[in-house]
1. Name the residue, out of Arg240, Arg248, Arg259, that is in contact (Cβ under 8 Å) with a residue 24 or more places away in the chain and either assigned by TED's automatic domain parsing to the domain that holds Thr58 or over 25 Å from Leu132 (Cα atoms) (or both).
2. Does Val142 fit the bill of being among the hydrophobic types (A, V, I, L, M, F, W, C), touching a helix residue (DSSP H, G or I) at 6+ places or on another chain (Cβ under 8 Å) and assigned by TED's automatic domain parsing to the domain that holds Ile182?
3. Every residue in the range 240-278 that is of a type in the set (Gly, Ala, Ser), at negative phi and more than 16 Å from the chain's Cα centre (by Cα), please.
4. At least 3 residues that are crowded, with 22+ Cβ neighbours inside 10 Å in each: list the helices (runs of 4 or more DSSP H) lying fully within the range 69-169 that qualify.
5. Whether any residue in the range 7-24 is farther than 22 Å from Gly158 by Cα, touching a strand residue (DSSP E or B) at 6+ places or on another chain (Cβ under 9 Å) and free of Cβ contacts under 8 Å to residues at least 60 places away in the same chain is what I want to check.
6. Does any residue in the range 51-73 that is of a type in the set (Lys, Arg) come within less than 8 Å, Cβ to Cβ, of a residue that is buried (at least 24 other Cβ atoms within 10 Å of the Cβ) six or more places away or on a different chain, and which pairs are these?
7. Identify the residue in the range 209-245 that is polar (S, T, N, Q) and in a loop (DSSP other than H, G, I, E, B) and, among all such residues, is surrounded by the fewest Cβ atoms within 10 Å (Cβ to Cβ).
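The values are calculated or read from the model by the stated rules, or taken from the named source; none is laboratory data. Predicted model, so just to flag it, every value in this text is computed and none were measured. Neighbour counts are summed over all protein chains in view; Cβ atoms, including those assigned to glycine, are modelled from backbone coordinates with ideal geometry.
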Amino acid sequence: MGNEYTPPKVWTFDDENGGEWAKINRPVSGATHDKVLPVGTHPLQLYSMGTPNGQKVTIMLEELLASGVTEAEYDAHLISIGEGEQFSSGFVGVNPNSKIPALVDQSGDQPVNVFESGHILLYLAEKFGRFLPENKEQRVKVMNWLFWLQGAAPYLGGGFGHFYAYAPEKFEYPINRFTMEIKRHLDLLDKQLAAHKFIAGDEYSIADMVIWPWYGNLILGRLYNAQEFLDVKSYSNLQRWAAEIDERPAVQRGRLVNRTWGEEWEQVHERHSADDITNIMKHKA
């Protein structure tokens, strides 16, 4: 078992003991430096990075554009979280919680700041009347799964992902604890998709867009290199759904925006027009 950790009487911050992402975490909020955010020409200004949380919003924006909503044109500015850019005074002014993504809607008389990825999807769905059913009963089903993901994703990312992939040392207890919970999530989603084409029913919605970047990417082997460890092939309904969503052109486009890793054709560091994505995708092997 090794030496047992005894918590101190009063906890103090040790910035050397957090693993790969330690430098982006700290026990206080607020800005660390002054920097004004760039502003593009479109009504919607997104400040993000192509993590699963960032992909939720860029997929939604690309789906809106694909459905004919020209008012959803957007500029996507890269926020390099590994460099601490989310702690700039400009970003904190939009999102005091210093987490990507953050959106500024400039289409009205006054800019509207929107943060938290699930809320951004809900905001856009209500603003443009897309991907959120008008029927009250169906809408409730979508909202159930939207809120489920907001509670579930920290178990996958900050829990399983951190201790399995990023922690400086691997310990059996936290890996087992979070693996058990993620296996439960996968089983839950697989059973839901056994009875429905999409997460919340027969229609594609923001419930799919909010869940796919986390659990779809996990199932497809793009997250934490854990597909064998989690035996993802055993979830056949989830496999079907993940692959079908992955084939959507808007999803393929959205998952590349503000991405700075992977193959060259997967990296659209910033998006200011549709051509920024199209031109990169032309290089796909």
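1. Working: Arg240 fails: either assigned by TED's automatic domain parsing to the domain that holds Thr58 or over 25 Å from Leu132 (Cα atoms) (or both); Arg248 fails: either assigned by TED's automatic domain parsing to the domain that holds Thr58 or over 25 Å from Leu132 (Cα atoms) (or both).
Only one candidate qualifies: Arg259.
2. yes
3. Of the range 240-278, the ones of a type in the set (Gly, Ala, Ser) are 242-243, 250, 254, 262, 273-274.
Those still in the list that are at negative phi too: 242-243, 250, 254, 273-274.
Of everything in the range 240-278, those that are of a type in the set (Gly, Ala, Ser), at negative phi and more than 16 Å from the chain's Cα centre (by Cα) turn out to be Ala243, Ser273, Ala274.
4. By residue number, 117-128, 136-154.
5. The first filter runs over the range 7-24 and keeps only residues farther than 22 Å from Gly158 by Cα, leaving 8-10.
This time we only want the ones that are touching a strand residue (DSSP E or B) at 6+ places or on another chain (Cβ under 9 Å), so: none.
Within the range 7-24, not a single residue is farther than 22 Å from Gly158 by Cα, touching a strand residue (DSSP E or B) at 6+ places or on another chain (Cβ under 9 Å) and free of Cβ contacts under 8 Å to residues at least 60 places away in the same chain.
6. Going by the 8 Å Cβ cut-off, the qualifying pairs are Lys56/Pro101; Lys56/Ser117; Lys56/Ile120; Lys56/Leu121; Lys56/Met209; Lys56/Val210; Lys56/Pro213.
7. The extreme case among them is Asn225.
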